[in-house]
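Structure, as structure tokens:
The values are calculated or read from the model by the stated rules, or taken from the named source; none is laboratory data. Keep in mind that what you see is a predicted model, and the values were worked out from it rather than measured. Counting neighbours? That spans all protein chains shown, and the Cβs are built from the backbone with ideal geometry, glycine included. The area values use the complete protein model at the heavy-atom level, side chains included, leaving out ligands, DNA and RNA. Shrake-Rupley method; radii C 1.70, N 1.55, O 1.52, S 1.80 Å.
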Amino acid sequence: MNVHETEKLYAAFEREGIGAADSAENADIVVLNTCCVREGAETRVIGNLGRIKKLKQSNPNLIVAVCGCMTQQEKAAEMLRKRCPFINIITGTYSLGALPQMVKAVRSGEKFILDLSVNEEIPMGINEACRSDNVNRFVNIMYGCDNFCTYCIVPYVKGRERSRRLADVKSEVEGLVRNGAKEITLLGQNVNSYRDGNNDFYALLSELSAIDGDFWIKFMTSHPKDLSGDVIKLIGREKKLANYVHLPVQSGSDEILKKMNRKYSVADYLRKIDMIREYIPHAGLTSDIIVGFPTETEEDFAATLDLVRRVRYNNLFMFIYSKRNGTPAAIMEGQVPEAIKKERITRLINAQSEISNELASVCVGETFRVLCDGRGKNATGKTSDDRVIVFDDGGADLYNRFVDVEVTSAKNSKLYGRIKV
Ligand code: 5AD
Ligand code: SF4
């Protein structure tokens, strides 16, 4: 999400004649697009601001802007202002498109601008044009979240769930495909609850799959309670929909899932996984897991390990529970000590890397259709099920082209291959 928002910011600046600098040291304007989903991301912002303070000392005309969801939290802007009085602009998630205008105002003499106004309209202007040379092109289909998982800050800083019009999403995807895009990733906190009038996520995927061209569509994030059987079957039969599902489970314990307000049980989740395996050939599955949620016992954690070993994800995104002020979990009793959280995440990482290694080694000898996103001896490409394969392109420029690659070896879950001719 943030990567894509930053792409859109580049476009908004370019429209005002402001181009990208090659480094912060050579820039006239530095924008920090922040995230507050976990504490680690916020700590990095503070660390970066320390570095930028030094730049500002040697270049007093440097304009420093902080935007994104971190500033949208209560008292965050105050804290930033106090700790870093050299910041010129603080703005939140709703006014990104206005940032170039704010920069202009600072250039014409304004000392400090603060805009944390909440505007839950779809930010139309900055959706369509976006600067990206990446093979993978992102398209927002919705903003915000209404799920209120008890650990998560997103619903408080990104506002209520709202979907873009189907016609707008479609014309954006058509435009990207016309310009040569081969991989489109649809973005939303909870894509399965997409809705525009009578059109749901199934309708959106059907419409987008009908667009002419050689490309595939991925999407994230799916919520297990909302991913429907119809969508799973559609992915299975529609060639343009990649056989990849990112389905965050968060925990393998029913007790913890309840306290997280996830609204599904482990059994519900496993039923969805079984359906995915049944209807989507060679489905690639990934997930997010939080360890050390308040009150998580050794038994709860063992249940998470069990689930991971049962599902056998290609890849897992694993997080230590991070207390977010203002969320219900932050004031729950039974916060888990840091040392235990660290010990558990290490065990989880080890369990997953064993699985990833095994899943990679059985790919040796298989041939995958790969979308090439690199060049040279160690070119990389992504498969439809979202694995990465490294191969030598033999000097042919295959960037943004589909090629067939045979996997010749696997090392530490990484796949290596050669182009099939
Ligand atoms: N602590 C740790 N991980 C979190 N996530 C969201 N909020 C928190 C938190 N407070 C994780 C979830 C989510 C992913 C994007 O970030 O696993 O799926
Ligand atoms: Fe956060 Fe839950 Fe919404 Fe995902 S679904 S953004 S974890 S509240």
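General remarks:
- HN-Hα J in Hz across segment 328-336 - Karplus 6.51, -1.76, 1.60, θ = phi - 60°, x for Gly and Pro: x, 5, 5, 10, 6, 6, x, 4, 8
- Residue separation of residue 340 and residue 263 scaled by 0.36 nm, minus their Cα-Cα distance, works out to 25.1 nm of gained length.
- The label point for residue 82 and the one for residue 358, both projected 7 Å from the Cα toward the Cβ, are 5.2 nm apart.
- Split the accessible area of segment 367-419 by element, probe 1.4 Å, and carbon with sulfur accounts for 42%.
- Residue among 60, 248, 155 with the largest mean-square fluctuation in a Gaussian network model of the chain, springs linking Cα atoms under 10 Å: 60
- Pairwise label distance in nanometres, residue 28 with residue 369, each label 7 Å out on the Cα-Cβ vector: 4.7
- Taking label points 7 Å from Cα along the Cα-to-Cβ direction, residue 399 and residue 279 give a separation of 3.9 nm.
- Residues whose amide H falls under 5 Å from that of residue 159, counting only those 5 or more places apart or on a different chain, are 145, with hydrogens built in the peptide plane.
- Per-atom-type breakdown for segment 131-186 gives carbon and sulfur 45% of the accessible area (1.4 Å probe, protein chains only).
- Rounded to the nearest 5, the antiparallel percentage of DSSP beta bridges internal to the chain is 40%.
- Relative contact order, percent, segment 270-361 [alpha-carbon distance under 8 Å, six or more residues apart]: 36
- Residue pairs, from the table 239/259; 158/259; 8/420; 8/158, whose Cα atoms sit over 28 Å apart: 239/259; 8/420
- Here residue 309 and residue 53 are evaluated by their C-beta separation; at R0 = 30 Å the FRET efficiency comes out at 0.05.
- The GNM of the chain, with springs linking C-alpha atoms under 10 angstrom apart, assigns the highest mean-square fluctuation among 19, 109, 159 to 109.
- For the chain, the relative contact order comes to 10 percent (Cα pairs under 8 Å, sequence separation of at least 6).
- Value at 222 nm in deg cm²/dmol, rounded to 500, when DSSP H runs of n ≥ 4 in the chain each add -39,500 (n - 2.57): -10500 deg cm²/dmol
- Among residues other than residue 344 with Cβ under 9 Å from its Cβ, the summed charge is 0 (Lys and Arg +1, Asp and Glu -1).
- Straight-line reach from residue 54: taking Cα to Cα under 21 Å and skipping same-chain neighbours fewer than 8 places apart, the lysines in range are 82, 111.
- For the chain: accessible area per residue (Å², 1.4 Å): 46
- Length available on full extension from residue 233 to residue 120: 0.36 nm per residue minus the Cα-Cα distance, which gives 37.4 nm.
- Linear extension gain, residue 108 paired with residue 195, 0.36 nm per residue minus alpha-carbon span: 27.0 nm
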